[in-house]
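Below: one structure, written as structure tokens.
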Amino acid sequence: MMPDTVRPQPSALYRWSVLIFISLAMGGNYYIYDSINPLERIFIDNLGFSATQFGWLNASYSVAAVATLLIGGIIIDRIGTKKAITVFALLCLTGAALTAARGRAPVMIAGRTVLGLGAESMIVAVTTALAKWFKGKELSFAFGINLTIARLASVAADNSPTWANRVFYPQGPAGPASWQGPLLLAVGAGVMSLATALIYWGLETRAESAYELGKAGAVDKLEFKGIFRFDISYWLVVGLCFTFYSAIFPFRTFAIDFFTNKILATHGGIAAMEGAKVHALEQAGRLNSLLPLAAMIATPLFGLLVDRTGKRAWFMMFGSLLLMPVYLMMAYSNISLYVPVALMGIAFSLIPAVMWPSVAYIVDESRLGTAYALMTLIQQIGFFIMNLLIGQANDFAGAGLQNPNGYALGLWIFSILGFVGMALAILLRIRETGLHGHGLETITTGRK
């Protein structure tokens, strides 16, 4: 009997081609998610939205994301990564198209819900696919490139009032702003996502017959029976995840409107010229994009620093300390907005570089899937609560160009989360330097 022919491994060029196409597919869904960030005031002025209704656009996404955490992994296991990425890309495109179709809140909220079902599942599917192609090779670097491309899409969405100015103002700065044009750009991003997903389907299909592929990585699934057996240190990290991400991502939802009106308040407020309003919107987009831009560059560097020094709970305390004053600085001082945004960018880069890897030191490897899935689910619950709460706070306080001080209530809510995060980080350090520590403060890597 002849032995089975041993098939070759895919070439490096083939693997990196795969990485580029599935990263572009994921970047498309990042762009769609962040495409509404510059549009809050346009929705309020042109479509009669309230801030609460605008908050529902991302809150509904989070509801869908929670459902995805329960069923998404099962779907990927059943149909495989190439089909899953394509199906989820199609859902992202459908959600973007539905959001852009009608300028009515219920239709747009339905579109964002569909997006949540597709986008979160796609992230899991892409993660699984990367493990299949790069495990045992350049997996960490591949994940870094994948995330960089995805976050570049977020930067592009935040800056769309600048590079797509004619789409926002088709009749020029003095004319009315378009609510639909920017959303059609997001539809275009969805088309790109689907097209690159289909290309990946073709690449994987060809590779299955020509190359020896690795097995897909395990998909995070939520096992309810194991939830209550986690260590206190794990729950402190989960609490920090809830407070930190709830203070960052829902803020990004409303930040461009706040930044725009904060800037305009120094240029005549409601009496500002139309050109000044357009310029303020562009500057606000640049400010908001600094957060994902900083994370792209600094998060890996902070990760290397923490691996070298240990002191993970200490670094989480430091990141929380940076976050505590930024919202009150924005609300009550006339300091340049770039200062608090820079502090926030450092915290946004530092805490994730420490927090997510710390779970691997606290939780047994066999339960990491459950631990990360639970952590992500609770994070999405925070997004849901805060998007609605800040929208209602802005409506209650009458926040807007006529009343820039009305944003202070929402900013106080964000600031309180920073103080809670600091308390949790202190408790974590106390526990990890005591008898029940897991080595968060002592384990280092990269040294002989």
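So which pairs qualify, if the first residue must be in the stretch 21-36 and under 11 Å from G190 (Cα atoms) and in a helix (DSSP H, G or I), the second must be among the charged types (D, E, K, R) and open to solvent by 10 Å² or more (accessible area, probe 1.4 Å), the Cβ gap must be under 8 Å, and the two must be at least 6 apart or on different chains?
Pairs that qualify, where the first residue is under 11 Å from G190 (Cα atoms) and in a helix (DSSP H, G or I) and the partner is among the charged types (D, E, K, R) and open to solvent by 10 Å² or more (accessible area, probe 1.4 Å), are Y30/R151.
If I go through the stretch 29-44 residue by residue, how many of them are farther than 30 Å from V87 by Cα and either of a type in the set (K, R) or touching a Pro at 6+ places or on another chain (Cβ under 7 Å) (or both)?
1
For the stretch 147-177, which positions are open to solvent by less than 30 Å² (accessible area, probe 1.4 Å) and in a helix (DSSP H, G or I)?
A150, A153, S154, V155, A157, D158, S160, P161, F168
Of a type in the set (G, A, S), in a helix (DSSP H, G or I), open to solvent by less than 50 Å² (accessible area, probe 1.4 Å) and at pLDDT 95 or above - does that describe any residue in the stretch 115-127?
Within the stretch 115-127, not a single residue is of a type in the set (G, A, S), in a helix (DSSP H, G or I), open to solvent by less than 50 Å² (accessible area, probe 1.4 Å) and at pLDDT 95 or above.
Tell me, please, whether a residue that is part of a helix (DSSP H, G or I), over 20 Å from V66 (Cβ atoms) and hydrophobic (A, V, I, L, M, F, W, C) can be found in the stretch 371-381.
no
Is it the case that Q180 is surrounded by fewer than 20 Cβ atoms within 10 Å (Cβ to Cβ), within 26 Å of A280 (Cα to Cα) and at pLDDT 95 or above?
Details: surrounded by fewer than 20 Cβ atoms within 10 Å (Cβ to Cβ): yes; within 26 Å of A280 (Cα to Cα): yes; at pLDDT 95 or above: yes.
Considered against the rule, which asks whether it is surrounded by fewer than 20 Cβ atoms within 10 Å (Cβ to Cβ), within 26 Å of A280 (Cα to Cα) and at pLDDT 95 or above, Q180 comes out as yes.
Starting from the stretch 152-170, take each residue that is without any contact (Cβ under 8 Å) to a residue 12 or more places away in the chain and list its partners that are in a helix (DSSP H, G or I) and open to solvent by 30 Å² or more (accessible area, probe 1.4 Å), counting only C-beta distances under 8 angstrom and pairs at least six apart or across chains.
Here the result reads W163/A156, each pair linking the stretch 152-170 to a residue that is in a helix (DSSP H, G or I) and open to solvent by 30 Å² or more (accessible area, probe 1.4 Å).
What pairs come up if the first residue lies in the stretch 181-209 and is under 30 Å from M108 (Cα atoms), the second is of a type in the set (D, E) and open to solvent by less than 40 Å² (accessible area, probe 1.4 Å), and their beta carbons are under 8 Å apart, counting only those six or more places apart or on different chains?
none
Here are the criteria: (1) open to solvent by 40 Å² or more (accessible area, probe 1.4 Å); (2) closer than 22 Å to Q402 by Cβ. Tell me which single one F49 does not satisfy.
Every condition holds for F49 apart from (1).
Among the residues of the stretch 66-97, which ones are hydrophobic (A, V, I, L, M, F, W, C) and either open to solvent by 60 Å² or more (accessible area, probe 1.4 Å) or more than 22 Å from M192 (Cα to Cα) (or both)?
Looking only at the stretch 66-97, we keep the residues that are hydrophobic (A, V, I, L, M, F, W, C), and these are 66-67, 69-71, 74-76, 79, 84-85, 87-93, 96-97.
Within the stretch 66-97, V66, A67, L69, L70, I71, I74, I75, I79, V87, L90 meet the criteria.
For the list (1) touching a residue at least 24 places away in the same chain (Cβ under 8 Å); (2) open to solvent by 10 Å² or more (accessible area, probe 1.4 Å), I need the number of the one condition that E40 fails.
(2)
May I ask you to list the residues in the stretch 80-107 that are within 16 Å of T205 (Cβ to Cβ), of a type outside the set (A, V, I, L, M, F, W, C) and part of a helix (DSSP H, G or I)?
Scanning the stretch 80-107 gives T81, K82, K83, T86.
Check V359 against each of (1) under 29 Å from K262 (Cβ atoms); (2) open to solvent by less than 20 Å² (accessible area, probe 1.4 Å); (3) under 25 Å from the mean Cα position of the chain (by Cα) and name the one condition it does not meet.
(1)
When you look at Y14, is it open to solvent by 10 Å² or more (accessible area, probe 1.4 Å), at pLDDT below 90, among the aromatic types (F, W, Y) and assigned to a helix (DSSP H, G or I), yes or no?
Criteria met by Y14.
Matching residues to (1) surrounded by fewer than 16 Cβ atoms within 10 Å (Cβ to Cβ); (2) without any contact (Cβ under 8 Å) to a residue 60 or more places away in the chain; (3) closer than 30 Å to N261 by Cβ:
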| position | (1), (2), (3) |
| --- | --- |
| I385 | yes, no, yes |
| I390 | no, no, yes |
| A399 | no, no, yes |
| G406 | no, yes, yes |
| I416 | yes, yes, yes |
| L428 | no, no, no |
| E432 | no, no, no |
| L435 | yes, yes, no |
| L440 | no, no, no |
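The values are calculated or read from the model by the stated rules, or taken from the named source; none is laboratory data. These figures come from a predicted structure and were not determined experimentally. Because the Cβ atoms are built from the backbone with ideal geometry, glycine has one as well, and the counts that use them run over all protein chains shown. Accessible surface areas use protein heavy atoms only, side chains included; no ligands, DNA or RNA. Shrake-Rupley method; radii C 1.70, N 1.55, O 1.52, S 1.80 Å.
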